[in-house]
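Everything on this sheet refers to the single structure shown next.
Readers should treat all values here as calculations from the given coordinates under stated rules, not as data from a laboratory. Quick caveat, the model's predicted, so the values are computed rather than measured. Glycine also receives a Cβ, built like all others from the backbone with ideal geometry; neighbour counts cover every protein chain displayed.
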Amino acid sequence: MPSPKRASLDDYYAQLSDAARPHLERLRELSLAAAPDLTEKLAWNNPAFHRDDVRLWMLQAFKAHCSLRFPTHQFADQRAAVEAAGYEAGEGFVKLPYDRPLPEDLLVALIGARLAEFERTGSTWSG
């Protein structure tokens with residue numbers, strides 16, 4: 001069953017399950033703290049963080065986990081660090097189970113790597 005359409009960011013966060021809310025709210029805080037000029041918008045019905053109207057990363061909520069999703073081309077360089085920390089990495093995302101604490105140092109490093117890559121290359125979501 002597809003997720004319900006979100007009317008706004010406030011609506012998105014308000015509709016999170018009790019299991020999902022702490023992780024997604026903390027991911028939001030970490031994202032907004034990464035750079036003061038980021039904007040948060042809904043993209044594909046999920047919160048996404050932008051600079052200069054370019055989507056840099058997004059959050060996704062699922063039943064038992066959430067994901068921090070990056071462009072696949074950029075995340076490939078970070079995948080080994082995610083797996084070494086004991087988290088599942090997919091094509092462009094790190095899977096964060098709700099029953100485990102968030103690996104904040106790792107997440108801050110991943111976000112920082114995406115910001116640095118964007119500043120260096122201007123790379124968009126698709127490359």
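For segment 61-127, the list of GluC sites (Glu not before Pro) that fall in a loop by DSSP and count at most 11 other C-beta atoms within 10 angstrom reads 91. Basic side chains Lys and Arg get +1 at the Cβ, acidic Asp and Glu get -1 at the Cβ, and with that the dipole of the chain about its Cα centre reaches some 320 debye. Which lysines have a Cα lying under 20 Å from the Cα of residue 5, excluding residues fewer than 8 positions away in the same chain? Hits, sequence-local ones excluded: 41, 63. In segment 54-109 the Cα-Cα distances spread across 5 Å bins starting at 0 as 4, 19, 34, 27, 13, 3, 0 percent of all pairs.
According to the Kirkwood relation over distinct C-alpha pairs, the hydrodynamic radius of segment 1-87 is 13.9 Å. The simple spin-label model puts a point 7 Å past each Cα toward its Cβ; for residue 113 and residue 81 those points are separated by 0.5 nm.
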